[in-house]
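Visitor: Have a look at the structure that comes next, please.
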2 protein chains.
Amino acid sequence: MNRELPIGVFDSGVGGLTVVRALRESLPRESFVYLGDTARVPYGTKSPATVVRYSLNNARFLLSSGIKMLVVACNTASAHAIPALQKELSIPVVGVVEPGARAALAATRDGCIGVIGTYGTVESGAYQKAISELRDRLEVAAEPCPLLVPLAEEGWLTGDVPRLVASEYLGRLHARFPQADTLVMGCTHYPLFRELLADVTLRLFGREVVLIDSGVAATAEVVHLLRRRELEHPGEAPGTLRVMVTDRSRIEQVGSRFLGEPLTDVSSVDVPA
Amino acid sequence: MNRELPIGVFDSGVGGLTVVRALRESLPRESFVYLGDTARVPYGTKSPATVVRYSLNNARFLLSSGIKMLVVACNTASAHAIPALQKELSIPVVGVVEPGARAALAATRDGCIGVIGTYGTVESGAYQKAISELRDRLEVAAEPCPLLVPLAEEGWLTGDVPRLVASEYLGRLHARFPQADTLVMGCTHYPLFRELLADVTLRLFGREVVLIDSGVAATAEVVHLLRRRELEHPGEAPGTLRVMVTDRSRIEQVGSRFLGEPLTDVSSVDVPA
């Protein structure tokens, strides 16, 4: 394997740029190619079969451009498609669910872990399964919070509307799982609401609930795997970031919100079905 | 043309079932085949090129199943793709934008028409153009209200959140176009908020603003065209409704909200790209 190849990252849209941001902070010498499937976004409301199909399309496309590792930044794609991707690809494949589950285990005090995500992620049971398999006597409950995704894309990150929406969803979680001490943000969009989620959980649960960013957790896994497989880039120069999207609409405005810096190198691509 | 063939209707997802509902009320003897492109929904945040491509895919698919007329229920697809569809198809094609524009003209007192829709619909300028071309001295302003779509799909039709969201968007419209006396609901999802929109516009504008349902307006156009082209179904028996979707996820729950009755005949299909 050529260690100078970039790391491929795909996501249903622009949310995965929060993961790219974390990856580039930890791995400044690595180059990244990012594919956002903005023509078919979102994945979180679609069925497992559709998400697996789109994930394989995306992975094949990135593979054909030459990558040494694949990171699935999308939680819904990670929840449904990791087995299919690992079966087909010979390079390492890293999703966000298992790293997020492990980070939650490391953070929980009483073994009571809540998960929030899209309908697809929550209904897949992937986080619940990944957490339960880590250790005996862990309690898990998951709650879909679908409206946080369009709110983040629309840039409504503060104010009454996101606060009411977060309070409604987390109130449902609290009603049936008041013992949660740790909450996995199981969607790339949710870290944009970190402060709001911290505040709303404090009010609802009456104490601090530890928030876990699965994208950051996956970054640690990527660092570890690069080292173990001897795939670290040998050079000293800063790595590059190439962003490809399947639909350009509003990409510069929305994308930079997630990446945390302006998007400079964006191109449109057609991912074969 | 075989008058016994069904009328084809496509939409980006389930929102177009509000149009089917109006069509079936006006045309009880006609049969309908509905294609909801739920695997690629929404169209409203995507670029014109992508929406035209998806619209042609959908139209070809419906055409191959045998239809006598095509109704484009999706406002965004109507805004971008009607010329391309009319060029390719030999059967009549009816969108929702031109009928909506004509209904607004019929309703306006002072010639001041507001339009709300998705980013795609508003940025296309299709409604603005269609209205302006109808008559001299009409004033038009349009405002995107993207968050109303996921709110409708999530079933949050009443309460603080939709009220705050509608007030924010319509407040922006009011700030630059306080003279509006008529408002076109230029998205299939918005009629689900009719009462809320009536109330919020009353508060903001200080008087009643007439709300126009483009889907209902398109229905009148379909009735007229069937008669003029002598395409009315000759039978007396009630027509049927066949619903096809490209992704089944949550279709029964969400779809019946838009159709106004339970969805009974739903199948999954693969629309070739």
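The values are calculated or read from the model by the stated rules, or taken from the named source; none is laboratory data. This structure is a prediction, so every number in the text was calculated from the model and none was measured. All Cβ positions, glycine included, derive from the backbone under ideal geometry; neighbour counts span all protein chains shown.
Visitor: Among the candidates A:Pro178, A:Pro146, single out the residue that is more than 30 Å from B:Cys145 (Cβ to Cβ) and either crowded, with 18+ Cβ neighbours inside 10 Å or not hydroxyl-bearing (Ser, Thr, Tyr) (or both).
Guide: That would be A:Pro178, the only listed residue that is more than 30 Å from B:Cys145 (Cβ to Cβ) and either crowded, with 18+ Cβ neighbours inside 10 Å or not hydroxyl-bearing (Ser, Thr, Tyr) (or both).
Visitor: Let me ask something additional. Find all pairs meeting these conditions: Cβ atoms under 6 angstrom apart; at least six residues apart or on different chains; first residue within the range B:149-160 and more than 20 Å from B:Thr45 (Cα to Cα) and more than 7 Å from chain A (Cβ to nearest Cβ); second residue assigned to a helix (DSSP H, G or I) and not β-branched (Val, Ile, Thr).
Guide: Close Cβ pairs (under 6 Å, with a partner that is assigned to a helix (DSSP H, G or I) and not β-branched (Val, Ile, Thr)) amount to B:Trp156/B:Pro162; B:Leu157/B:Leu192.
Visitor: Residue under question is B:Glu261, and the condition is that it be at pLDDT below 95, within 30 Å of B:Tyr169 (Cβ to Cβ), surrounded by fewer than 19 Cβ atoms within 10 Å (Cβ to Cβ) and within 20 Å of the chain's Cα centre (by Cα); does it hold?
Guide: yes
Visitor: To continue, here is another question. Can you tell me how many residues within the range B:30-62 are more than 20 Å from B:Leu263 (Cβ to Cβ), surrounded by 24 or more Cβ atoms within 10 Å (Cβ to Cβ) and more than 8 Å from chain A (Cβ to nearest Cβ)?
Guide: Adding up the residues that qualify gives 6.
Visitor: Which pairs do you get when a residue that is within 14 Å of chain A (Cβ to nearest Cβ) and under 25 Å from B:Cys187 (Cα atoms), found in the range B:255-273, comes within reach of a residue that is part of a helix (DSSP H, G or I) and among the basic types (Lys, Arg), reach meaning Cβ atoms under 8 angstrom, with the pair 6+ apart or on two chains?
Guide: B:Ala273/B:Arg53
Visitor: Has the range B:157-169 got at least one residue that is out of contact with any strand residue (DSSP E or B) (no Cβ under 6 Å at 6 or more places or on another chain), outside any helix (DSSP H, G or I), closer than 22 Å to B:Ser78 by Cα and outside the structural domain of B:Lys46 (by TED's automatic domain parsing)?
Guide: No, there is no match, as no residue in the range B:157-169 is out of contact with any strand residue (DSSP E or B) (no Cβ under 6 Å at 6 or more places or on another chain), outside any helix (DSSP H, G or I), closer than 22 Å to B:Ser78 by Cα and outside the structural domain of B:Lys46 (by TED's automatic domain parsing).
Visitor: OK, next. Given the condition within 14 Å of chain B (Cβ to nearest Cβ), in a helix (DSSP H, G or I), acidic (Asp, Glu) and surrounded by fewer than 23 Cβ atoms within 10 Å (Cβ to Cβ), answer yes or no: does some residue in the range A:216-225 qualify?
Guide: No, because not a single residue in the range A:216-225 is within 14 Å of chain B (Cβ to nearest Cβ), in a helix (DSSP H, G or I), acidic (Asp, Glu) and surrounded by fewer than 23 Cβ atoms within 10 Å (Cβ to Cβ).
Visitor: Here's another thing I want to ask about it. Filter the range B:226-249 for residues that are of a type in the set (A, V, I, L, M, F, W, C) and surrounded by fewer than 16 Cβ atoms within 10 Å (Cβ to Cβ) and give the result.
Guide: B:Ala237
Visitor: Where residues in the range A:105-132 are assigned to a helix (DSSP H, G or I), among the small types (Gly, Ala, Ser) and touching a helix residue (DSSP H, G or I) at 6+ places or on another chain (Cβ under 6 Å), which of them is surrounded by the most Cβ atoms within 10 Å (Cβ to Cβ)?
Guide: A:Gly120
Visitor: Moving on. Please enumerate the residues belonging to the range A:171-194 that are in a helix (DSSP H, G or I) and either under 21 Å from A:Gly16 (Cβ atoms) or within 14 Å of chain B (Cβ to nearest Cβ) (or both).
Guide: Within the range A:171-194, A:Gly171, A:Arg172, A:Tyr190, A:Pro191, A:Leu192, A:Phe193, A:Arg194 meet the criteria.
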